Amino acid sequence: MNTEILQANGQVSACACVLRPGNTNCAGCGMSLGFQFLEQALDREPITLVIPACCGIVTAGAFPTSAYGVPTAASTFASSPAVATGLTTVAELNGETHPVVCWAGDGGTYDIGLATLSAAAERNENMIYVCYDNEIYGNTGGQRSGATPEGVRTTTTPTGKVEPKKDVMAIMAAHRIPYAATLSVGHRDDFLNKIRTARQIRGFRFLHILSPCPTGWKSEPDESVDLIRCAVGCGAFALYEVYDGIRYRINVSPDDTPLEEYASRQRRYTGSGIELATINERIRAQWDYLNAMARTFPADKKVEPCVNC
Ligand SMILES: Cc1ncc(C[n+]2csc(CCOP(=O)(O)OP(=O)(O)O)c2C)c(N)n1
Ligand code: SF4
Ligand SMILES: [Mg+2]
């Protein structure tokens, strides 16, 4: 595969680094960390990226220069898993085994791209789909998405979103795909393990990253990693894996971190009309569900590396 990329300074680089320094992402953006962890986990193996409309494609810059050091296809919102399907098929026909990674925001995943995401998952296409979820349409000014949690103020929910966050993991599990997992940029080892696990499996793999967005969350850029640890600690973001859509493994259980600590460090919760106690109740109910699934249908089988990947 040709990985030569024309850099902003006009020089050609063969750098397999996924996201180059000097890109336009905001300081403290979870997407930047996610790309770094992806690259580390894959040990700089070449990949092909497919990215629909989102902050991630703004980062790419204007052709022929690019902030990405790997071949990157920009797609429409609705078509990224279909584009990735085509690229995977062609790569396999050419005898190439490098992964095709679809990298989309929550707007592109939960809402606007859901139809082709569902279709590719149902066909069990051989790709890694990553949703970096900043819980808003960040790129267009911070509107609410299906991923915005209840109680969060956005430009379209100025008094706090009333509806709960859509359970995208349950939707993906219902497709009985081989692997689905949630990833935290505050838990690096767990993050890298899940990328490596996904790499070893053939078929549709769905990875969901809670991606801090200081601009939209009204949080401090240097607190991003700690904030995600806090989200995991208070139970607002559960770290778990689902194999074949039915076998569950919880990776990190909540500790004693209060939801108030997570919420108070982001001004998107300030002045919300929804009580934290109400939000907490729903978080506890989700944990009851996850614990029951992990107890009843545990993921105890070890992943066997795919011989054709
Ligand atoms: C069909 C369609 N509708 C709306 C837009 C405008 N648009 C571009 S990016 C974006 C928000 C993307 O949100 P998300 O996928 O969460 O990524 P983020 O910007 O948060 O990184 C929107 C609404 C578009 N490009 N195409
Ligand atoms: S708006 Fe948010 S998601 Fe977009 S680049 Fe900035 S921090 Fe990242
Ligand atoms: Mg988003």
**Asked** Seen from all sides and averaged, what is the projected area of the convex hull of the Cα atoms in segment 119-192, in nm²?
**Response** 6.3
**Prompt:** Pairs of lysine in the chain with Cα under 26 Å and at least 8 positions apart or on different chains: total?
**Reply:** 7
**Asked** Given segment 161-251, what percent of its DSSP beta bridges are antiparallel, to the nearest 5?
**Response** 55
**Message:** Within segment 17-296, what whole-number % of the accessible surface is contributed by carbon and sulfur, with the 1.4 Å probe and all protein chains included in the calculation?
**Reply:** 55
**Of all DSSP beta bridges in the chain, antiparallel share, percent nearest 5** = 35
**Message:** Counting only Cα atoms, I'd like the Rg/Rh figure for the chain, Kirkwood definition for Rh.
**Reply:** 0.95
**Message:** Give the separation of the Cα centroids, segment 234-307 to segment 37-101, in Å.
**Reply:** 29
**Asked** In percent, what relative contact order does the chain have, based on Cα pairs under 8 Å that are 6 or more apart in sequence?
**Response** 17
**For segment 143-283: accessible area per residue (Å², 1.4 Å)** = 39
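The values are calculated or read from the model by the stated rules, or taken from the named source; none is laboratory data. Keep in mind that what you see is a predicted model, and the values were worked out from it rather than measured. Side chains are part of the model used for accessible areas, which takes the heavy atoms of the whole protein and leaves out ligands, DNA and RNA. Shrake-Rupley method; radii C 1.70, N 1.55, O 1.52, S 1.80 Å.
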